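Novice: Sharing a structure below in structure tokens format, with a few things to ask.
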Amino acid sequence: MSVRKALLGLGVRVVESPDEREHFVVVEGEGEEFEVVRPAYIDQATSKVILSGQLRRVPRRHTQPADGTGTQDAATKEDQP
């Protein structure tokens, strides 16, 4: 049996999404986005934090445009002149 399955069986929820930032503390890094260093563990019955997770700040990830000419901002190609 995996540790994750055992925790779920005990009523512990493992939070691995930086979108639920209320369960995490930021421990290092610079940037506007976050990545999970350590997941958070939450008691499902009480919704209390058993162990806070840790987040690291990271630079914003840029996407490569289809033509491969560099980074693409929030504006789409159709919005650009």
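Novice: I'm checking my understanding of the structure. Among residues of segment 25-73 that are in contact with a Ser or Thr (Cβ under 7 Å, 6 or more places away or on another chain) and more than 28 Å from VAL3 (Cα to Cα), which one is modelled with the highest pLDDT? First the steps, then the outcome.
Specialist: Residues of segment 25-73 that are in contact with a Ser or Thr (Cβ under 7 Å, 6 or more places away or on another chain), as a first pass: 25, 40, 62, 72.
Right, trim to more than 28 Å from VAL3 (Cα to Cα) and you get 62, 72.
Details: HIS62: 69, GLN72: 44.
Step by step, filter segment 25-73, then rank; the result is HIS62.
Novice: Could you check how many residues of segment 40-54 are of a type in the set (D, E, K, R) and open to solvent by less than 60 Å² (accessible area, probe 1.4 Å)? Step through it out loud before you land on a result.
Specialist: Restricting attention to segment 40-54, the residues satisfying the condition of being of a type in the set (D, E, K, R) are 43, 48.
Narrowing further to those that are open to solvent by less than 60 Å² (accessible area, probe 1.4 Å): 43.
So the count comes out to 1.
Novice: While we're on this one: GLU22: at pLDDT 90 or above and either in contact with a helix residue (DSSP H, G or I) (Cβ under 8 Å, 6 or more places away or on another chain) or part of a strand (DSSP E or B) (or both), yes or no? Walk me through how you get there before you give the answer.
Specialist: Numbers: at pLDDT 90 or above: yes; either in contact with a helix residue (DSSP H, G or I) (Cβ under 8 Å, 6 or more places away or on another chain) or part of a strand (DSSP E or B) (or both): no.
Answer is no for this residue.
Novice: Separate question: I need every pair where a residue in segment 10-39 that is open to solvent by 60 Å² or more (accessible area, probe 1.4 Å) has its Cβ under 9 Å from the Cβ of a residue that is among the hydroxyl-bearing types (Ser, Thr, Tyr), sequence separation at least 6 or different chains.
Specialist: That search, which allows pairs on different chains as well, returns ARG13/TYR41; ARG13/SER47; VAL25/SER52; ARG38/SER52.
The values are calculated or read from the model by the stated rules, or taken from the named source; none is laboratory data. A quick note: this is a predicted structure, and the numbers were derived from the prediction, not measured. Note: ideal-geometry Cβ built from the backbone for every residue, glycine included; neighbour counts use all protein chains shown. Accessible surface areas use protein heavy atoms only, side chains included; no ligands, DNA or RNA. Shrake-Rupley method; radii C 1.70, N 1.55, O 1.52, S 1.80 Å.
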